[in-house]
1. For A:Ala182, are the conditions met, namely being at pLDDT 95 or above, under 24 Å from A:Leu90 (Cβ atoms) and surrounded by 17 or more Cβ atoms within 10 Å (Cβ to Cβ)?
2. Of all residues in segment B:111-167, which are closer than 21 Å to B:Ala185 by Cα, touching a residue at least 24 places away in the same chain (Cβ under 8 Å) and at the interface with another protein chain (Cβ under 10 Å from one of its Cβ atoms)?
3. Quick one: is A:Ser153 of a type in the set (Gly, Ala, Ser) and buried (at least 17 other Cβ atoms within 10 Å of the Cβ)?
4. For segment A:55-71, enumerate the residues that are more than 10 Å from chain B (Cβ to nearest Cβ) and under 15 Å from the mean Cα position of the chain (by Cα).
5. For segment A:101-121, how many residues are more than 18 Å from A:Leu174 (Cβ to Cβ), of a type outside the set (S, T, N, Q) and within 8 Å of chain B (Cβ to nearest Cβ)?
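The values are calculated or read from the model by the stated rules, or taken from the named source; none is laboratory data. What you see is a predicted model; the values in this text were computed from it and never measured. Neighbour counts run over all protein chains shown; Cβ positions are idealised from the backbone, glycine included.
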Amino acid sequence: MGKPVLHYFNGRGRMESIRWLLAAAGVEFEEKFIESPEDLDKLKNDGSLMFQQVPMVEIDGMKLVQSRAILNYIATKYNLYGKDAKERVLIDMYTEGVADLGEMLMTLPLTPSDQREAKIALIKDRTKNRYLVAFEKVLKSHGQDYLVGNRLSRADIHMVELLYYIEELDASLLAGFPLLQALKTRISNLPNVKKFLQPGSQRKPPLDEKAIEEARKIFRF
Amino acid sequence: MCFHSPGSSSSARVTVAVFPGLFSGWDSGSALAHCQLKKDSSGAGLCPVPLFLGSKSLSPAHTPSNRGHGPPTYPEACGNIWNSFDEEFLETQEQLKKLQEEGHLMFQQVPMVEMDGMKLVQTRCILHYIADKHHLFGKNLKERTMIDMYVEGTLDLLETLIMHPFLKPADQKKDLVAMAHKAIALYFPVFEKVLRCSGENFLVGNQLSLADVILLQTILAMEERIPTVLSAFPYLQDYTSRLSEIPTIKRFLEPGSKKKPPPDEQYVKTVYEVFLS
């Protein structure tokens, strides 16, 4: 089988965590960017999109949609989902917590400007007082190098990706969370992740006004 | 308050700590996420509605950023091993604060389900764990992935249902139309086709899975609002009837079970009072 093919627009959105996970797993992938409403329509008319939505990833003869389903498949295939149900459930809990905060960050650029300040304040509060505190506690509780099972899992990848976004928003938010900072450094130094973090990789930059406008046109929102 | 289902003899005790309020995972400055309010069908008071909601935030037009998720108690109902669980209802903010301060809620949110020595939070996580444990997640990775896709798609639809009662009355009619359109144009055709092409009684692998449970919940909840929503989908109609006859599900659909009734005005009012006052 060929490399996985990712169908999405040329930006982070809901595909970025999939890119991170594939990269961390050392899996090379191709991307077909949706650059116009016609591109998206073509995929829809092809019957390639189960619910008429992207992300869609062609992998192992399947056309997978729904980012969580895609992530679950990749994590399982590449042994990043723990060794049993108990590890899996912890990974799921941490992943969902990360996703909740990630969702707030992802939708921030779409917030109307009159609501933006309030939203940023809320995000910062949640980051420090709800999420980072919970994850720091996990690391402290077992003193291990990874969040679950004393080995690398998707939870670590999703966590570190989020830490980079938090840092982009306000680097001072990470102060007071030394174990998370250490995790970030450690994961960033893993060869596959290190490569992905370098310029020229398939990692996508933050959304700017131009990119938002383009996405609005393509996805008609 | 702790509710025990009659004749519960299982060794597993599932305590579902939910807010007596709408399970809407709101995240406003002062609000607590995930509460659910329902009037007890006997009018005896408020009881929790462990319902799953989708985990997407609403568009920025809705503030605070909302998310809702709720597992239907269907997975528990389908478990052949046990279909009884305890429910601990949160009825005051103080109770919830206590749970938070005592560190029972990883992200300070409910639902929380105590089972197998763990305090599980996050709807999808809880659903997956239960599904795994009770063989509702397919036989292999491919089936599991199909189930995942169907569940995620259905949850997107279910989420609009969950948020619906919280819209302004003036917006509700329009929302209902949009919801019906989404169901009829986007989601139901997918599942109708799956059933039609496979000729099987279930969505995946010819056996009951989480996908069927979530879809059944969603269909029944939609029918409460839009009774004719399945009129163009004969296979889904059959499917709904057949699933409803499965003994554990049938029991859950009967009056007096732990299935919660549809949201009403009182429920919405109480949510606002409990969370946003």
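1. no
2. B:Met146, B:Ile147, B:Tyr150, B:Val151, B:Gly153, B:Thr154, B:Leu155, B:Asp156, B:Leu157 - these are the residues of segment B:111-167 that are closer than 21 Å to B:Ala185 by Cα, touching a residue at least 24 places away in the same chain (Cβ under 8 Å) and at the interface with another protein chain (Cβ under 10 Å from one of its Cβ atoms).
3. Details: of a type in the set (Gly, Ala, Ser): yes; buried (at least 17 other Cβ atoms within 10 Å of the Cβ): yes.
Spelling it out, A:Ser153 is indeed of a type in the set (Gly, Ala, Ser) and buried (at least 17 other Cβ atoms within 10 Å of the Cβ).
4. Matches in segment A:55-71: A:Pro55, A:Met56, A:Val57.
5. Total satisfying the criteria: 5.
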